[in-house]
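Undergrad: I'd like to ask you about the structure that follows.
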Amino acid sequence: MSPIVSDSRLPHIKGSIFATMTRAAKKYGAVNLSQGFPDFAPDQRLLDALSEAVQGNHNQYGLPEGSETLRQSIAHMFQNLYGLGFSAETQITITAGAMQAISAAISSLVHAGEEVIFLSPAFESYEPAILLAGGVPVCVELRAPTFDIDWDEVEESVTRHTRMIVVNSPHNPTGRCWTAVDVDRLARIADQYNLLVLSDEVYHNIVFAPQQHITAFSDTRLRGRTIVVGSLGKTMHVTGWRIGYAIGAPALTNEIRKVLQFNTYAAPTPLQQAMAAVLDDAAYCDLPQLFVQKRNRFLDGLGSSRFSFMPTGGGYFQMLDYSAISELPDTEFANHLIECHGVAGLPMSGFGSQYATSKLLRFCFAKKEETLDTATDILRAI
Ligand code: GLN
């Protein structure tokens with residue numbers, strides 16, 4: 001008798017690097033700067049709004065497209081930040097985390113055999129989502145130390161089978177943010193070859209001056225062909241709530257909603273209700289300021305350490321280069337840090353196996369000052 005699972009749908013995909021590192025950090029009681037999540041409390045108003053929602057009996061199914069008020073708040077946020085109008089009714093969809101928005105966008109819009117270009121280092125869910133849709137992942141590698149996008153290489157990788165390109169700014173893990181030139185090149189390629197664009201902008205509220213976030217929607221050539229994915233968990237410091245969203249033209253939104261309704265049906269009601277009550281300008285306008293202070297505290301804390309770095313431009317993460325400290329590949333060095341020093345960072349190879357020897361680890365600075373100080377006291381001494 002043949003084994004019940006003889007042929008994995010994802011033969012080369014391993015367990016999530018985020019879960020793996022968080023498990024290891026817990027096991028050794030290490031300060032966990034590996035997975036990207038804040039350890040500080042969210043706005044008390046958000047917590048109060050959640051108890052009100054739960055106590056007020058908002059505990060049943062919502063609509064598959066998500067809470068109308070929450071969709072309107074997101075529309076308002078995009079109007080406010082980028083001067084762009086989106087219809088809450090036909091263009092914005094709430095999902096159970098940004099990862100669900102990514103997988104729903106890919107599975108609803110990519111047909112079997114179609115190619116999807118993604119840029120590596122890449123967030124770990126892109127490739128499995130493409131594979132599960134029957135698509136063919138096509139990886140374009142970004143190179144250290146700048147991780148600038150070689151748009152000529154992107155263009156050369158387009159074939160007549162290419163359906164979509166997945167992009168990400170601010171970039172996880174490098175923190176690189178698009179320039180106007182990047183968005184122009186992306187728009188020209190997408191327009192010329194009639195491609196869909198999946199733009200992961202989950203850290204759009206966390207871009208450090210003098211840079212500003214440029215949403216893919218800012219270019220008119222991209223507007224009708226792009227799905228922007230966002231994360232309210234990131235914006236409101238509650239990543240475990242798993243509330244994200246997808247924004248796109250009505251025809252694209254319609255396809256994404258078809259998939260979502262038969263996946264989770266709808267994202268959790270009381271969590272959406274609470275977020276809708278609190279997502280106003282004050283919830284996101286000060287985030288660059290908040291996070292740049294954390295980044296600076298982390299970098300200042302490293303002081304004269306043997307790690308080297310380029311200050312990150314946006315997001316939750318700082319890459320540190322440990323080539324002056326160790327010859328070990330990144331996973332081994334990350335495990336050594338956890339087991340022998342009590343600090344967890346994330347190996348770059350979690351974003352592409354070709355980076356295993358890059359001597360780079362990613363550290364999340366979305367933490368309380370005391371957490372950052374404890375971590376940097378340790379890192380400085382290594
Ligand atoms: N986005 C977060 C990170 O990069 C984690 C996401 C997750 O764990 N699913 O660390």
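Undergrad: Any residue at all in segment 333-343 that's out of contact with any His (no Cβ under 6 Å at 6 or more places or on another chain) and under 23 Å from residue 177 (Cβ atoms)?
TA: No, every residue in segment 333-343 fails to be out of contact with any His (no Cβ under 6 Å at 6 or more places or on another chain) and under 23 Å from residue 177 (Cβ atoms).
Undergrad: How many of the residues making up segment 121-170 are open to solvent by 10 Å² or more (accessible area, probe 1.4 Å), in contact (Cβ under 8 Å) with a residue 40 or more places away in the chain and out of contact with any Lys or Arg (no Cβ under 8 Å at 6 or more places or on another chain)?
TA: Residues flagged as open to solvent by 10 Å² or more (accessible area, probe 1.4 Å), in contact (Cβ under 8 Å) with a residue 40 or more places away in the chain and out of contact with any Lys or Arg (no Cβ under 8 Å at 6 or more places or on another chain) within segment 121-170 amount to 15.
Undergrad: Would you call residue 209 touching a residue at least 40 places away in the same chain (Cβ under 8 Å), small (Gly, Ala, Ser) and more than 16 Å from the ligand (Cβ to nearest atom)?
TA: Values: touching a residue at least 40 places away in the same chain (Cβ under 8 Å): yes; small (Gly, Ala, Ser): yes; more than 16 Å from the ligand (Cβ to nearest atom): yes.
Taking the combined requirement at face value, the residue satisfies it.
Undergrad: If you go through segment 81-109, how many residues are more than 19 Å from residue 219 (Cβ to Cβ) and either in contact with a Leu (Cβ under 8 Å, 6 or more places away or on another chain) or part of a helix (DSSP H, G or I) (or both)?
TA: Selection size over segment 81-109: 14.
Undergrad: Would it be correct to say that residue 43 is away from the ligand (no atom under 16 Å from the Cβ) and without any contact (Cβ under 8 Å) to a residue 24 or more places away in the chain?
TA: Working: away from the ligand (no atom under 16 Å from the Cβ): yes; without any contact (Cβ under 8 Å) to a residue 24 or more places away in the chain: no.
For residue 43, the condition - away from the ligand (no atom under 16 Å from the Cβ) and without any contact (Cβ under 8 Å) to a residue 24 or more places away in the chain - is not met.
Undergrad: Quickly run through segment 50-70 and pick out the residues that are buried (at least 20 other Cβ atoms within 10 Å of the Cβ) and either among the hydroxyl-bearing types (Ser, Thr, Tyr) or in a helix (DSSP H, G or I) (or both).
TA: 50, 53, 67, 70
Undergrad: May I ask you to list the residues in segment 271-287 that are under 14 Å from residue 232 (Cβ atoms) and either at pLDDT 95 or above or in contact with a Leu (Cβ under 9 Å, 6 or more places away or on another chain) (or both)?
TA: Narrowing segment 271-287 to residues under 14 Å from residue 232 (Cβ atoms): 271-280, 283-284, 287.
Answer for segment 271-287, where residues must be under 14 Å from residue 232 (Cβ atoms) and either at pLDDT 95 or above or in contact with a Leu (Cβ under 9 Å, 6 or more places away or on another chain) (or both): 271, 272, 273, 274, 275, 276, 277, 278, 279, 283, 284, 287.
Undergrad: Restricting attention to segment 21-39, which residues are more than 23 Å from residue 171 (Cα to Cα) and part of a loop (DSSP other than H, G, I, E, B)? Outline the logic, then answer.
TA: In the first step, residues of segment 21-39 are kept if they are more than 23 Å from residue 171 (Cα to Cα); the result is 23-31.
Selection gives 29, 30.
Undergrad: I've got another one for you. Which one of these is within 16 Å of the ligand (Cβ to nearest atom), open to solvent by 30 Å² or more (accessible area, probe 1.4 Å) and under 25 Å from the mean Cα position of the chain (by Cα): 19, 101, 24?
TA: Numbers: 101 fails: open to solvent by 30 Å² or more (accessible area, probe 1.4 Å); 24 fails: open to solvent by 30 Å² or more (accessible area, probe 1.4 Å).
19 is the lone residue from the list that is within 16 Å of the ligand (Cβ to nearest atom), open to solvent by 30 Å² or more (accessible area, probe 1.4 Å) and under 25 Å from the mean Cα position of the chain (by Cα).
Undergrad: Of the numbered conditions (1) within 16 Å of the ligand (Cβ to nearest atom); (2) basic (Lys, Arg); (3) more than 30 Å from residue 48 (Cα to Cα), residue 223 fails exactly one; give the number of that condition.
TA: Condition (1) is where residue 223 drops out.
Undergrad: Here's a follow-up. Within segment 321-378, track down each residue that is within 16 Å of the ligand (Cβ to nearest atom) and in a strand (DSSP E or B). Please lay out each step first, then the result.
TA: Looking only at segment 321-378, we keep the residues that are within 16 Å of the ligand (Cβ to nearest atom), and these are 330-331, 334, 338, 343-352, 355, 360-367, 371, 375.
Selection gives 343, 344, 346, 347, 360, 361, 362, 363, 364.
Undergrad: Do you know which of the residues in segment 72-98 that are away from the ligand (no atom under 16 Å from the Cβ) and aliphatic (A, V, I, L, M) is surrounded by the most Cβ atoms within 10 Å (Cβ to Cβ)?
TA: Of segment 72-98, the ones away from the ligand (no atom under 16 Å from the Cβ) are 72-94.
Filter again for aliphatic (A, V, I, L, M), leaving 74-75, 77, 81, 84, 88, 92, 94.
Working: 74: 25, 75: 19, 77: 23, 81: 16, 84: 15, 88: 20, 92: 25, 94: 29.
Per the stated criteria, the residue is 94.
Undergrad: Any idea which of 355, 322 is of a type in the set (Phe, Trp, Tyr) and closer than 18 Å to residue 122 by Cβ? I'd like the intermediate steps shown before the answer.
TA: Working: 322 fails: closer than 18 Å to residue 122 by Cβ.
Testing whether each residue is of a type in the set (Phe, Trp, Tyr) and closer than 18 Å to residue 122 by Cβ leaves just 355.
Undergrad: Please enumerate the residues belonging to segment 209-262 that are farther than 20 Å from residue 71 by Cβ and either open to solvent by less than 10 Å² (accessible area, probe 1.4 Å) or touching a Leu at 6+ places or on another chain (Cβ under 7 Å) (or both).
TA: Once the filter is applied, which keeps residues that are farther than 20 Å from residue 71 by Cβ and either open to solvent by less than 10 Å² (accessible area, probe 1.4 Å) or touching a Leu at 6+ places or on another chain (Cβ under 7 Å) (or both), segment 209-262 yields 222, 225.
Undergrad: Select from segment 171-204 the residues that are of a type in the set (Gly, Ala, Ser) and more than 14 Å from the ligand (Cβ to nearest atom) and write down the one among them that is surrounded by the fewest Cβ atoms within 10 Å (Cβ to Cβ).
TA: The first filter runs over segment 171-204 and keeps only residues of a type in the set (Gly, Ala, Ser), leaving 175, 180, 187, 190, 199.
This time we only want the ones that are more than 14 Å from the ligand (Cβ to nearest atom), so: 180, 187, 190, 199.
Working: 180: 10, 187: 20, 190: 22, 199: 25.
In this case the residue turns out to be 180.
Undergrad: Here is a follow-up. Select the strands (runs of 3 or more DSSP E) contained entirely in segment 160-274, then report the ones holding at least 1 residues which are charged (D, E, K, R). Talk me through it step by step, then tell me what you get.
TA: Numbers: elements: 162-168, 196-200, 226-231, 244-248.
Fully inside segment 160-274 and qualifying: 162-168, 196-200.
Undergrad: Okay, next question. May I ask you to list the residues in segment 126-166 that are within 18 Å of residue 214 (Cα to Cα) and within 16 Å of the ligand (Cβ to nearest atom)?
TA: 147, 166
The values are calculated or read from the model by the stated rules, or taken from the named source; none is laboratory data. The structure displayed is predicted, hence computed values, not measured ones. Heads up, the Cβs are rebuilt from the backbone with ideal geometry, glycines too, and the neighbour counts pull from every protein chain shown. Just the protein is used for accessible areas: all its heavy atoms, side chains included, with ligands, DNA and RNA removed. Shrake-Rupley method; radii C 1.70, N 1.55, O 1.52, S 1.80 Å.
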